[in-house]
Amino acid sequence: MSTESAPVPDVSPVRRLTVTDIARMHADGGRIPMLTAYDFPTARILDDAGIPLLLVGDSLGQVMLGYDTTISVTMDDMLHHTRAVARAARRALVIGDMPFLSYATPKDALANAGRFLREGGAQAVKIEGGRRSARIVETLVGAGIAVQGHIGLTPQSINQIGKVRVQGRTREQARALLADALAIQEAGAFSIVVELVPEQLAAAITERLRIPTIGIGAGAGCSGQVQVVTDLIGLGDFVPRHARPYAAVREAIADAARRYAQDVAAGTFPGPEESTRMDDAVLEQVLGRATDDVADDGSGRGLPSGGIPLDRDL
Ligand code: KIV
């Protein structure tokens with residue numbers, strides 16, 4: 001008999017990451033990858049791939065719901081998708097993006113952030129805006145809610161900004177962005193998304209903060225990066241300059257749809273391997289065509305005496 005013991009299966013439960021884990025990753029000098037997610041299957045794949053932060057972004061409006069901007073996205077939209085992502089993610093820290101006007105007052109912010117945690121299953125929320133949002137961030141953090149800030153291009157302000165463009169190029173804008181980042185840090189946020197900012201400025205902001213910056217279109221000097229998952233996998237119909245597609249899912253889906261349609265037209269889908277058969281004798285009985293079921297009325301036709309009546313028998 002072998003004296004070697006069988007390998008012990010790893011049954012340790014997957015542990016949910018917390019903001020403390022994110023702070024530790026940052027303190028250890030690790031760069032933090034974050035992705036958006038909007039649905040169960042994609043979130044499960046990203047979680048299994050080890051992505052530590054999943055953002056249910058309000059980019060949902062554009063990339064999943066077909067709106068032009070994020071302005072139309074509602075709390076109900078966000079909660080619906082946050083629940084799906086939270087059900088899928090076993091390890092990643094799930095962040096719910098607070099939609100336009102859902103945090104206009106501290107009271108609204110508390111109520112809606114509470115919904116993200118209680119009803120959506122998120123572990124944190126994200127809020128756009130620098131100094132203008134600092135009081136809201138402070139209120140939420142004071143209530144025990146983990147908050148991620150978001151400065152630079154803030155898509156919910158698109159009607160003030162005019163169009164999607166790089167922020168912080170001038171001296172005044174750059175100073176304002178640094179002040180925004182510091183205000184959000186001092187308000188207690190655990191990290192800050194920095195969107196569409198020149199890379200030198202984003203790196204300078206990162207150097208001056210204790211908390212991690214998560215860049216998108218802000219260069220490699222941030223503490224981490226975030227991408228919209230549809231850009232990452234090549235699902236959208238256009239790729240922003242700051243994104244790098246790592247897969248070509250749009251082409252893969254189109255190719256699958258075309259080949260499927262061809263097979264249906266040719267009658268080659270489904271084939272024997274995608275179909276099931278029953279005992280032919282049972283079918284004969286069901287249709288009343290078995291010898292025992294056929295009554296002889298003398299006509300020589302043989303009428304079914306049992307089974308499922310066919311139209312011609314009625
Ligand atoms: O809504 C979103 O997807 C975002 C990311 C781009 C950071 O805010």
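The values are calculated or read from the model by the stated rules, or taken from the named source; none is laboratory data. Just so we're clear, the structure is a prediction, and the values are computed from it rather than from any experiment. Here the Cβ is made from the backbone with ideal geometry for all residues, glycine too, and neighbour counts use every protein chain on show. Please note that ligands, DNA and RNA were not included when accessible areas were found on the heavy atoms of the full protein model with its side chains. Shrake-Rupley method; radii C 1.70, N 1.55, O 1.52, S 1.80 Å.
When residues of the stretch 226-239 are filtered for being modelled with pLDDT of 95 or more and within 16 Å of the ligand (Cβ to nearest atom), how many remain?
Here is the first cut: in the stretch 226-239, the ones modelled with pLDDT of 95 or more are 226-235.
Filter again for within 16 Å of the ligand (Cβ to nearest atom), leaving 226-233, 235.
Residues flagged as modelled with pLDDT of 95 or more and within 16 Å of the ligand (Cβ to nearest atom) within the stretch 226-239 amount to 9.
Yes/no per residue for (1) open to solvent by 30 Å² or more (accessible area, probe 1.4 Å); (2) free of Cβ contacts under 8 Å to residues at least 60 places away in the same chain:
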residue: 92; (1), (2): no, no
residue: 110; (1), (2): yes, yes
residue: 151; (1), (2): no, yes
residue: 171; (1), (2): yes, yes
residue: 177; (1), (2): no, yes
residue: 180; (1), (2): no, yes
residue: 200; (1), (2): yes, yes
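So which residues in the stretch 26-45 are of a type in the set (A, V, I, L, M) and within 15 Å of residue 59 (Cβ to Cβ), if there are any at all? Let's see the steps before the verdict.
From the stretch 26-45, those of a type in the set (A, V, I, L, M) are 27, 32, 34-35, 37, 43, 45; that's our starting set.
Result: 34, 35, 37, 43.
Pairs, please: C-beta under 7 Å, at least 6 apart or cross-chain, first residue open to solvent by 100 Å² or more (accessible area, probe 1.4 Å) and in the stretch 269-293, second not in a helix (DSSP H, G or I)?
Qualifying pairs under 7 Å: 285/307; 289/304.
Can you tell me which of (1) under 19 Å from residue 240 (Cα atoms); (2) assigned to a loop (DSSP other than H, G, I, E, B); (3) at pLDDT 95 or above is the one residue 165 doesn't meet?
Of (1) under 19 Å from residue 240 (Cα atoms); (2) assigned to a loop (DSSP other than H, G, I, E, B); (3) at pLDDT 95 or above, only one is false for residue 165: (3).
Could you count how many residues in the stretch 38-58 are open to solvent by less than 30 Å² (accessible area, probe 1.4 Å) and either part of a helix (DSSP H, G or I) or within 14 Å of residue 124 (Cβ to Cβ) (or both)?
Number satisfying all stated conditions: 9.
So which of 202, 220 is of a type in the set (A, V, I, L, M) and more than 15 Å from the ligand (Cβ to nearest atom)? Before the answer, list the steps.
Details: 202 fails: more than 15 Å from the ligand (Cβ to nearest atom).
Matching residue, one of 202, 220: 220.
Where the second residue is at pLDDT below 95 and the first is open to solvent by 50 Å² or more (accessible area, probe 1.4 Å) and lies in the stretch 226-254, which pairs have Cβ atoms under 6 Å and are six or more apart or on separate chains?
245/239
Taking only the stretch 51-88 into account, find how many residues are of a type outside the set (D, E, K, R) and farther than 21 Å from residue 235 by Cα.
Final tally of qualifying residues: 8.
Does residue 194 fit the bill of being touching a Ser or Thr at 6+ places or on another chain (Cβ under 7 Å) and either polar (S, T, N, Q) or within 15 Å of the ligand (Cβ to nearest atom) (or both)?
Working: touching a Ser or Thr at 6+ places or on another chain (Cβ under 7 Å): yes; either polar (S, T, N, Q) or within 15 Å of the ligand (Cβ to nearest atom) (or both): yes.
Yes: the conditions hold for residue 194.
Can you tell me which of 22, 32 is over 15 Å from the mean Cα position of the chain (by Cα), more than 14 Å from the ligand (Cβ to nearest atom), under 19 Å from residue 212 (Cβ atoms) and open to solvent by less than 10 Å² (accessible area, probe 1.4 Å)?
Checking each option against the conditions leaves just 22.
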